[in-house]
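Read the structure below first, then the notes.
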Amino acid sequence: MLDLQSLLNDISQTLSNQTDRGKVADYIPELAKQDNQHFGMAIATIDGQLFSTGDAFEPFSIQSISKVFTLTMALGKIGDKLWERVGREPSGTAFNSIVQLEQERGVPRNPFINAGAIVVSDVVLADHQPKETIGEIVRFIRCLADDDSIMIDEDVAQSEGDTGFRNAALANYMRAFGNLHHPVEETLDVYFHQCAIAMTCVQLARSGLYLANGGMNPLTASKVVPRHRVRRINAIMMTCGHYDGSGEFAFCVGLPGKSGVGGGILVIVPDKAAIAVWSPGLDPNGNSKLGTMALEMLVAKTGWNVFGA
Ligand code: GLU
């Protein structure tokens, strides 16, 4: 029998001795304040068990992990029409690169690089006021996690808004190609706020369960998305969820995952569980250094992967 709690304790213990813990993101001033000594991890299983270790109950900025949830919402709103405005190929470039966008005439490679996620936010905005849409995104995530305490960290949202010049460049560029349908400030307002949602590892693991359970949220017994869409979302997480480190993550961990520059990673174990890990120090690709190490240790012991080996 797999003792997941002992396994998490062992991982946490092993990593506490790690001296090279990566570098916290400093291009968003509010995130630069994070302490890279944090480490938390949680596993929520589809049959209702929860295991956690370390700082698993401490909220952190989910950043790009929010892109999984807004992608789910956008597909719910316009279905496969989304793929006319954003691709689904790994980018092979940095998460905030503008070069590729010029070559590909304003259609971003995938929904998880910043440009693609900004298009997705524009779809979710759908002619509403940014405030309403931001509320809709938070309500959606609260429903997924079955937890009404999930909030936006307004200081992080403000910090991103004040310094998000690159994202503004990407958005303006896409607007010039007609691939943003709302004023740039409105779409970015939604994008910055979704990135600034704060969640704990426990909340995040619970919120990912619908993707491990064929589209049905086991916490509330409600259907979130059809099964075929789960397959698509998980595929994009596998191929594009770690930016330019996505191949490496698939190779070393072998599960669909999405990272954020706050140091969180959400991982889906189809038909079994959702895992969230957080440690703010990042590797050069912008993915949590200890988080990735922890996941490698976990899959080595559990044998969890999507390749049947
Ligand atoms: N809010 C961040 C940005 O737009 C998200 C990046 C990330 O988490 O990878 O730069």
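Every read-out reported here was derived from the displayed coordinates using simple, explicitly stated rules and does not represent laboratory data. Only a predicted model underlies this, so the values are computations on that prediction, with no experimental measurement involved. Methodologically, a virtual Cβ is constructed for each residue, glycine included, from the backbone with ideal geometry; neighbour enumeration extends over all protein chains shown.
Here the calculated FRET efficiency for HIS181 and LYS33, from their Cβ-Cβ distance with R0 = 35 Å, stands at 0.50, rounded to the nearest 0.05. Fully extending the segment from LEU2 to GLU248, taken as 0.36 nm per residue of separation minus the present Cα-Cα distance, adds 85.9 nm.
Descending by average beta-carbon neighbour count within 10 Å, the peptides 64-72, 88-96 line up as 64-72, 88-96, the highest first. Packing order of peptides 137-146, 280-289, highest average first: 280-289, 137-146 (average count of other Cβ atoms within 10 Å over each peptide's residues). For the peptides 41-51, 182-192, 294-304, the ranking by packing is 182-192, 41-51, 294-304, with the highest mean count of neighbouring Cβ atoms within 10 Å listed first. Globularity index of the chain is 0.92 (Cα radius of gyration / 2.2 N^0.38 Å, N = number of residues).
Where does the Debye-calculated log10 I(q)/I(0) of region 1-76 sit at q = 0.14, 0.22, 0.25 Å⁻¹, using only Cα point scatterers of equal weight, no solvent? Log10 of I(q)/I(0), two decimals: -0.67, -1.12, -1.18. The Rg/Rh ratio of region 96-137, with Rg taken over Cα atoms and Rh as the Kirkwood radius over Cα pairs, comes to 1.08. In region 75-205, one over the average inverse separation of all distinct C-alpha pairs is 15.2 Å, which is the Kirkwood hydrodynamic radius.
Measuring between alpha carbons in the structure, the pairs from LYS67/LYS289; LYS23/LYS77; LYS67/LYS272; LYS33/LYS131; LYS258/LYS301; LYS23/LYS223 lying more than 29 angstrom apart are LYS23/LYS77; LYS23/LYS223. Between THR163 and GLN49, full extension at 0.36 nm per residue minus the direct alpha carbon distance yields a gain of 37.0 nm.
The calculated pair-distance distribution of region 1-144 uses every alpha carbon pair, bins of 5 angstrom beginning at 0, and gives 2, 8, 13, 14, 15, 16, 15, 10, 6, 2, 0 percent. Taking each residue as 0.36 nm, the span from ALA221 to MET151 lengthens on full extension beyond its C-alpha to C-alpha distance by 22.9 nm. Could you tell me the center-to-center distance, by alpha carbons, between region 198-250 and region 120-168 in angstrom? Using only Cα atoms, the two centres lie 18 Å from each other. Using the Cβ-Cβ distance between ASP127 and LYS81 with R0 set to 22 Å, the FRET efficiency from 1/(1 + (r/R0)^6) comes to roughly 0.90.
Can you give the calculated 222 nm mean residue ellipticity of the chain, where each DSSP H run of n ≥ 4 adds -39,500 (n - 2.57) and the sum is split over every residue, rounded to the nearest 500 deg cm²/dmol?
-13500 deg cm²/dmol, from helical runs alone.
Show me the GluC sites (Glu not before Pro) within region 120-157 that DSSP assigns to loop and that have at most 13 other Cβ atoms within 10 Å of their Cβ. Hits after loop and neighbour filter: nothing returned.
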